1. How large a share of the accessible area of the range 33-152, in percent, is made up of carbon and sulfur atoms when the probe is 1.4 Å and the other protein chains stay in place?
2. In whole Å, what are the Cα extents of the chain along the three principal axes, biggest one first?
3. Trypsin sites (Lys or Arg not before Pro), restricted to the range 95-192: which are DSSP loop and have at most 13 other Cβ atoms within 10 Å?
4. Picking from LEU153, LEU47, LEU16, which is most flexible by a Gaussian network model of the chain using Cα springs under 10 Å?
5. Using a 1.4 Å probe, what is the accessible area per residue for the chain, in Å²?
6. Where a Cα-Cα gap under 16 Å defines reach, which aspartates and glutamates qualify for LYS235, not counting those fewer than 8 residues away within the same chain?
7. In whole percent, and with a 1.4 Å probe on the protein chains, what portion of the accessible area of the range 186-255 is carbon and sulfur?
8. Which order, highest average first, do 237-243, 224-230 follow once you tally other Cβ atoms within 10 Å for each residue and take the mean per peptide?
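The values are calculated or read from the model by the stated rules, or taken from the named source; none is laboratory data. Predicted model, so just to flag it, every value in this text is computed and none were measured. All Cβ positions, even for glycine, are placed from backbone atoms using ideal geometry, and neighbour counts span all protein chains on display. These area figures cover heavy atoms from the full protein model, side chains too; ligands, DNA and RNA do not enter into them. Shrake-Rupley method; radii C 1.70, N 1.55, O 1.52, S 1.80 Å.
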Amino acid sequence: MNPKITDWHGKRVWLLGASSGIGAALGRSLLARGARVALSARKATQLEAVADGSQSALLLPCDAADETSLRAAWDALLAAWGGVDVAIYLAGDYLPMRAWELDSTKARRMIQVNFVGAVSFATCVVPQLLAQGAGQIAFVASVAGYRGLPKSLIYGPTKAALINFAEALYIDLEARGIGVRIINPGFVATPLTAQNDFAMPALLTPEAAAQATLDGFAGSAFEIDYPKRFTRVMKLLAHLPYRLYFPLVRRLTGA
């Protein structure tokens, strides 16, 4: 089981993907709780807005899809803090895509940001956590990773890969006292979901998603998923046999 965190005061937290959406809301919330927060994303001006002048914020702009850039941010964090207590990968890219719209360039970008970047993140963080003998690493995936969905031709598989990756990390690291979490939100109002041209049930604000994330860290579960009224339905669908799943999803989504 993962160590619970109810008091964030003084905790050293690295958020990669903190310029908007859940990452920005989580950054502001953690700073308000007294955490020391390293904020990373490509857009430095947006990171400055999240930090809002806080002396507890460390701005480390980087590109999650560029391993050299990501590693430079990590090295700067270690030079400043000497370690990290919690590291959360929130970087993500999303483009709605159907089979007849398949584009390899756009697909590669999503794969790089959503999965390859997360692996690069882990290669930085995990050795340090093992050396410390404590700490946690978490990844924001999505309920879209539970099973194939319309318009999620590439996005869904990248999140499924991220879920599987986190599961394997948990198996290896739990016995060594290192926490591993996967965070699976439903729909959250962000610049990415603004691209959707369909109704998004149980849509959350980024602030509500950030609070649900922190509530999850107060427990010991591997998976943090929210909102429950939506994720329970998605989990049920994920267990249906294909002969039931495919026609039901087509009917529910109009695909």
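1. Heavy-atom surface of the range 33-152 belonging to carbon and sulfur, 1.4 Å probe: 52 percent.
2. Here the Cα extents, ordered largest to smallest, are 53, 37, 29 Å.
3. ARG98
4. LEU153
5. Values: 11720 Å² over 255 residues.
For the chain, the per-residue accessible area is 46 Å².
6. Reachable aspartates and glutamates: GLU223, ASP225.
7. Working: 2600 of 4040 Å².
Carbon with sulfur: 64 percent of the solvent-accessible area.
8. 224-230, 237-243
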